[in-house]
Amino acid sequence: MKDTIDNQNDSSTKEDKKIEKEGEDLVTKNVELLEKIAKLEEQLVSNNIKILNYENQLEEHNKTYSEKLKEKMEQANNLVQEKIAKLEEKYSSENHEIKKYGIAKSASEIIEIVDQFKKAINFNTEDAKIKNFLMGFKMFAIMFDSLLSNLNVSEVKVEIGQEFDPAMMEAFDTTNDEKFNDNIVTKVISNAYKLHDRVIKYAVVAVNKK
């Protein structure tokens, strides 16, 4: 009888210790959870401060962006004018064939400048001041195209869905798109350019391959 009671007491003590241990574990977990919540709240306040700082920086960036873009445009314009002047001087006394195609390398350099300038101004913005500046810069882009035209350089536009033409295009990548047939252009990075009837800059495209 006594042994039975002792066994029951031992079992009760073990159960009490187990419950006590589980309670302590639960308290520990709650404390850890509260600490994590406090850290998250602190991080939230810090992030809000960072957002305010970013907004102030963005406002300042919008003020200076148009000036930097204008400076780049002027540099590009001066460089193009300088290249053209040198080309006209260098090849003014050459024979007809050299005059016709001899400027191909330098014309390609001018094209790279014009392409980079166009990429710099072809983006979406909601800022009214920047939009006005971009409109003016796009007029300069038209002027650059006119200067290239005076050198008998013409842009050959490539469209998505057009068949790949190795005589005028180079593939920088391939795609596997069910919407397009094999050997079809799926993305255009830049268009081709011709000097008279000769390709001096290949269009850069992605081509579908199945």
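Rounded if a/c is under 1.5, else prolate if a/b is larger than b/c, else oblate: which is region 101-210, with a ≥ b ≥ c the root eigenvalues of its Cα gyration tensor?
oblate
Rounded to the nearest 20 debye, what is the charge dipole size of region 68-205 about its Cα centre when +1 sits on each Lys and Arg Cβ and -1 on each Asp and Glu Cβ?
Rounded to the nearest 20 debye, it is 560 debye.
Excluding residue 164 itself, calculate the net charge of residues whose Cβ lies under 14 Å from the Cβ of residue 164, where each Lys or Arg counts +1 and each Asp or Glu counts -1.
That sum, taken over residues with Cβ under 14 Å, equals -4.
Using the Cα atoms of region 121-172, I'd like the radius of gyration and the largest Cα-Cα distance, Dmax, both in angstrom.
15.7, 43
Return the subset of 70/187; 86/194; 68/105 for which the Cα-Cα distance in this structure is over 22 Å, preserving the input order.
70/187; 68/105
Search the structure for amide H atoms under 5 Å from the amide H of residue 169, placed 1.01 Å from N in the peptide plane, and list their residues when 5 or more places away or on another chain.
Residues meeting the amide H criterion: 203.
Keeping all protein chains in position, work out how much accessible area residue 101 exposes to a 1.4 Å probe, and write it in Å² to the nearest 10.
We get 30 Å² for residue 101.
Considering only protein heavy atoms and a 1.4 Å probe, what is the carbon-and-sulfur percentage of the accessible area of region 102-153?
About 57 percent, which is the carbon plus sulfur part of the accessible surface.
Please calculate how many Å² of accessible area region 150-210 carries per residue, with a 1.4 Å probe and no DNA, RNA or ligand atoms counted.
59 Å²
When all protein chains stay in place, what accessible area (Å², nearest 10, 1.4 Å probe) is found for residue 182?
80 Å²
With +1 on each Lys and Arg Cβ and -1 on each Asp and Glu Cβ, how big is the dipole of region 145-195 about its Cα centre, in debye rounded to the nearest 20?
Using only the charged Cβ atoms, the result is roughly 200 debye.
The values are calculated or read from the model by the stated rules, or taken from the named source; none is laboratory data. The structure displayed is predicted, hence computed values, not measured ones. Glycine gets a Cβ as well: all are built from the backbone with ideal geometry, and neighbour counts include every protein chain shown. Remember, those area values only see protein heavy atoms, side chains included, never the ligands or the DNA or RNA. Shrake-Rupley method; radii C 1.70, N 1.55, O 1.52, S 1.80 Å.
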